[in-house]
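Data first, discussion second: the structure below is written as structure tokens.
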């Protein structure tokens, strides 16, 4: 069994489809979800209102699946995956027997309200109705359907077939049963669901990404750095670490003594940096204590040295993989350029 296929996903691939998913919208994110779910062995039914959308979707689907196949990340032949994806011009047909409806329409409230009115009316009573919305909270459009208790946000990292995190954001209308059912389905697909405990615009992914982008734009505006300089700091600095650990674990492992020691040393500087941008959110004693308690529950301080060694081992592996990839790219470029000695003399 390939390392990238979880046992639950592998069993679905080997047998009958465990779940049926209807994808409403066959643009880039819809196709990405189709790849993700079909790769997990789910039956996938795609619908789109735009004429000609399926032609582009089929091409994109083949391209994404071909890439995964060449990378050795499929547990079966691409044809078997394609066979689980069907395209439907009638929404009612696409929704029949679906356990999950994944709405992937444009980020416009009026479109989502219209779609969820239809989805709520024609979907199965047990189906989870999930929106891929990047920022709009589901309470803004769940009111368009009487099935509002089955509606929630399921916002993926893009592309979901490579980034497993998916944010589940229920509204005040969403039933607990729906959330549990959503968690079950996404985990079976190989996703890693994270429940957002309060409706907030942008959820976690885009709020964290947005904070970095706001500062990046300010640094360019103020002439502190170029666009590529900032990207370089992230891709070969912050990004490498964040591929292994998140921001809280980063600072926990950066300072012996953990969160409390880091907050004491760096908290005042971060407070000044925030204030310089008009955002005064100091790390209060109570807040630091809360973060410290959660981190210590995950990693007791007597295991700190061991975890630092674990982090460094992961970063070594990433560095080697990037180095190997760079060498391979260089060799490909060299091989593609004909040698002057191989050319025929004029």
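The values are calculated or read from the model by the stated rules, or taken from the named source; none is laboratory data. Quick caveat: nothing in here was measured; it's all calculated off a predicted structure. Here Cβ is always computed from backbone atoms with ideal geometry, including for glycine, and neighbour counts include all displayed protein chains.
Taking the listed residues 137, 151, the one that is touching a residue at least 24 places away in the same chain (Cβ under 8 Å) and in contact with a helix residue (DSSP H, G or I) (Cβ under 7 Å, 6 or more places away or on another chain) is 151, with no other qualifying. In this structure, is residue 201 farther than 29 Å from residue 93 by Cβ and either surrounded by fewer than 15 Cβ atoms within 10 Å (Cβ to Cβ) or in the same structural domain as residue 108 (by TED's automatic domain parsing) (or both)? Taking the combined requirement at face value, the residue satisfies it. Of everything in the stretch 278-334, what is in a loop (DSSP other than H, G, I, E, B), modelled with pLDDT under 95 and either under 28 Å from the mean Cα position of the chain (by Cα) or farther than 27 Å from residue 268 by Cα (or both)? Give them in sequence order. 279, 281 - these are the residues of the stretch 278-334 that are in a loop (DSSP other than H, G, I, E, B), modelled with pLDDT under 95 and either under 28 Å from the mean Cα position of the chain (by Cα) or farther than 27 Å from residue 268 by Cα (or both).
Residue 265 satisfies every condition listed in (1) closer than 30 Å to residue 313 by Cβ; (2) assigned to a loop (DSSP other than H, G, I, E, B) except (2). Within the set 172, 148, 195, the sole residue that is surrounded by fewer than 18 Cβ atoms within 10 Å (Cβ to Cβ), modelled with pLDDT of 95 or more and over 22 Å from the mean Cα position of the chain (by Cα) turns out to be 172.
Yes/no matrix, rows are residues, columns are (1) surrounded by 12 or more Cβ atoms within 10 Å (Cβ to Cβ); (2) farther than 15 Å from residue 245 by Cβ:
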site	(1), (2)
265	yes, yes
270	yes, yes
280	no, yes
311	yes, no
320	no, yes
324	no, yes
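Residue-level check: of (1) assigned to a helix (DSSP H, G or I); (2) assigned by TED's automatic domain parsing to the domain that holds residue 311, residue 245 misses just (1). Inspect all residues belonging to the stretch 84-91 and state whether any of them is over 22 Å from residue 183 (Cα atoms), loosely packed, with under 15 Cβ neighbours inside 10 Å and without any contact (Cβ under 8 Å) to a residue 24 or more places away in the chain. For the stretch 84-91, residues over 22 Å from residue 183 (Cα atoms), loosely packed, with under 15 Cβ neighbours inside 10 Å and without any contact (Cβ under 8 Å) to a residue 24 or more places away in the chain: absent. Residue 256: more than 26 Å from the chain's Cα centre (by Cα), closer than 26 Å to residue 318 by Cβ and assigned by TED's automatic domain parsing to the domain that holds residue 306, yes or no? Yes; evaluated as a whole, the condition is true for this residue. Of the residues making up the stretch 54-74, not a single one is modelled with pLDDT of 95 or more, surrounded by fewer than 20 Cβ atoms within 10 Å (Cβ to Cβ), more than 17 Å from residue 159 (Cα to Cα) and in contact with a helix residue (DSSP H, G or I) (Cβ under 8 Å, 6 or more places away or on another chain).
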